[in-house]
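The values are calculated or read from the model by the stated rules, or taken from the named source; none is laboratory data. Since this is a predicted model, take the numbers as computed values, not measurements. A quick note on method: Cβ atoms are made from the backbone with ideal geometry, for glycine too, and the neighbour counts reach across all protein chains shown. Remember, those area values only see protein heavy atoms, side chains included, never the ligands or the DNA or RNA. Shrake-Rupley method; radii C 1.70, N 1.55, O 1.52, S 1.80 Å.
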Amino acid sequence: MTERVSPTERIRADIDDLFATEGDLGETLEQVARLGARLLLQSALEAEVTEFLGRNRYERRALARAAKAGSRNGFAPVTVKTTAGPIILERPKLRGTDMAFASRLLGAGVTKTNALESLVIAGFVRGLSVRDVEAALAEALGPEATVSRSTVSRICEAIKDEFDAFRTADLSGIELEYLFLDGSHFRMHAGTKAEPVLVAWGIDVAGKPHLLGLEPGSSESTDAWAGFLRGMLERGLRPPLLVISDGGPGLIGAVEIVLDGSLRQRCLIHRVRNLLAKVPKHAQGKVKAEYWAIWDSIEAAPGDRAVAEATRRARAFSAKWGRLYPAAVACLNDGFEHLTTYLRFPKEHWKRIRHSNFIERTFGETRRRVKVIGRLPGERSCLSLVWAVLDRASRGWRGVDMSPRAVRLLQDLRREMFGPPAQRERKEVVEEPVTPAA
């Protein structure tokens, strides 16, 4: 007998499947927005039925304190128009009830609603306030069609609980190899400039990606980034072999202080942007192509030989362009050793670990969604929105392949950098004080 799955569970599975496929990130997120509409509205409908019957799905009537007569009897499809396009919901059907069930969200025959925008804006942008959700739905659908306070509260509490669980999750079970760090600015406080949201994600020893941390910072200073990194270490995260980031001085300073044993890779995409800013527009295309020729198609084995090949190419680039664009060449050569660090790692990982641009692309989608709002009404609502986008996006992020050869190389690097496992464990042991004999 096949397992019966609720409509909300099927929609969640569809969202996960969507992110697991290859495709344009912007197009994917647009499709997720429509699935999100279905998920939010379907969740609200099913929550209404739970409240109406006084018991959860599959919960026995005799065991529910507030149970009422009646039982669930499947679903009937209904099409609802939203500004994200028409979506199909499954309206719950009941039998054996003392009174007819009518959804307060859709009413008896509502076929057009802005509930997606109302719920998303009220839930994420207005800080998960029950009062705001009620007000927004009443404004969009009329007071007679709004959902009850308990239904709104149930939906908002579920989102809040998921976010809080993420922020405090134990990270000791993640054996990290690569750590990616980035920040993006959002206006979240009245009378202030845009402030950064700091984000970390990583790849573990199995090649699996993980969204690890997200928190606000008053700035991208060394203190702000150091506090963020220490917080993840306190939750059990092990130091990575490689940290990939842009060239922000605060971020670099924090990594050198908190993760001083890890290697550091400067994002090649950020560096080429800096370099091209010092080149006339008419020459940028050619200079950009020759910049990437430094890094692409290196045949040498990972390690000193690969680094030497990239260095040789960079010298040729400098010799060619040094007289015309000395500032651009100086930009390339500034901290050049941190541009080549990734070449010491498995070759099949090179294109994945030489930049931190993936988070930035997702940040861009988040900013696009809140651009029409202007200022977010608070820190909590901003973090909730950013987390909601990143949490779903992270389920579709690709990791890296961990071939036996790659695993051996990473293990050798870890022993070289941090010592054998037994030695590392001894360093972590805190010696207990000896109590003098009586």
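More than 23 Å from the chain's Cα centre (by Cα), over 15 Å from residue 339 (Cβ atoms) and of a type in the set (Gly, Ala, Ser): does that describe residue 289? Here the answer is yes, as residue 289 does meet what is asked. Of 335, 399, 419, all but one fail to be touching a strand residue (DSSP E or B) at 6+ places or on another chain (Cβ under 9 Å), more than 28 Å from residue 192 (Cβ to Cβ), surrounded by 13 or more Cβ atoms within 10 Å (Cβ to Cβ) and modelled with pLDDT under 90; the exception is 399.
Filtering the range 291-304 to residues that are closer than 17 Å to residue 354 by Cβ and in a helix (DSSP H, G or I) leaves 291, 292, 293, 294, 295. When residues in the range 274-288 are screened for being farther than 14 Å from residue 332 by Cα, assigned to a helix (DSSP H, G or I) and open to solvent by 20 Å² or more (accessible area, probe 1.4 Å), 5 of them pass.
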